[in-house]
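Structure first, commentary second.
The values are calculated or read from the model by the stated rules, or taken from the named source; none is laboratory data. Just so it is clear, the structure is predicted and the values come from calculations on it, not from any experiment. Quick reminder, even Gly has a Cβ in these numbers, built from the backbone with ideal geometry, and neighbours come from all protein chains shown.
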Amino acid sequence: MASYPSWTRAIAALRYAFPIDAIIHSLKYQENLTVAPVLANLLMAKMNHCAPPDVIIPVPLHPVRLQERGFNQALEIGRHLSKKMGVPLLPHACVRTRDTLSQTELSWKKRRSNLRNAFTCTTRFTQKHVAILDDVMTSGATLNELAKVVRKQGAIEVSVWAIARAIPSSASIKTVEL
């Protein structure tokens, strides 16, 4: 049985490969916050004539991970997108309720189960177009799980935005066409 994504469309600025992987890594793990506006601009350049969403939600980090890192990279990128697009950024509308394993440590198959029931939203999105923002989309499990929760809160359209999309090397893995 095929599993369809809960989002309406996905936009990624670039393929997750050198040098963008190194730039994103410097943002996430070396606190190089100066690259956040550059990454936001790269994503905006790929949006062409897409209708803007009503709100932008950065993928939330669990409080433990947020304390370890000191910031949420998706939120930092989102600040610039929100300002340039004139679209509200809602960093507290959804929360990560479970401290899940890092997706980078898991096989493609285990990523979806790792994120099950990991998010909740306290805001209603009735009849809204919501954009969910993350730095990297690999399997899409994180974005899909959050999109499900956003849909349950009434969103009629969900876009997922990523700075980079990791394209699997195995041809047997199905990917969403970007």
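Points to keep in mind about this one:
The rows are residues; the columns are (1) among the charged types (D, E, K, R); (2) under 21 Å from Asp21 (Cβ atoms); (3) modelled with pLDDT of 95 or more; (4) not in a strand (DSSP E or B).
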{"site": "Lys110", "(1), (2), (3), (4)": "yes, no, no, yes"}
{"site": "Ser113", "(1), (2), (3), (4)": "no, no, no, yes"}
{"site": "Val130", "(1), (2), (3), (4)": "no, no, yes, no"}
{"site": "Asp134", "(1), (2), (3), (4)": "yes, yes, yes, no"}
{"site": "Ser139", "(1), (2), (3), (4)": "no, yes, no, yes"}
{"site": "Thr142", "(1), (2), (3), (4)": "no, yes, no, yes"}
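- When the residues of region 37-77 are filtered to those that are free of Cβ contacts under 8 Å to residues at least 60 places away in the same chain and of a type in the set (D, E, K, R), the one that is nearest to Arg98 (Cα to Cα) is Arg65.
- Helices (runs of 4 or more DSSP H) wholly inside region 1-84 that include at least 1 residues being hydrophobic (A, V, I, L, M, F, W, C) and touching a helix residue (DSSP H, G or I) at 6+ places or on another chain (Cβ under 8 Å): 20-30, 36-46
- Selected residue (only one of Arg98, Arg69, Arg9 is basic (Lys, Arg), under 14 Å from Leu146 (Cβ atoms) and surrounded by fewer than 18 Cβ atoms within 10 Å (Cβ to Cβ)): Arg98
- Of all residues in region 160-174, those that are surrounded by 11 or more Cβ atoms within 10 Å (Cβ to Cβ), in contact with a helix residue (DSSP H, G or I) (Cβ under 9 Å, 6 or more places away or on another chain) and either at pLDDT below 90 or part of a loop (DSSP other than H, G, I, E, B) (or both) total 3.
- Failed criterion for Val64 (all others in (1) modelled with pLDDT under 95; (2) under 22 Å from Pro91 (Cβ atoms); (3) surrounded by 13 or more Cβ atoms within 10 Å (Cβ to Cβ) hold): (3)
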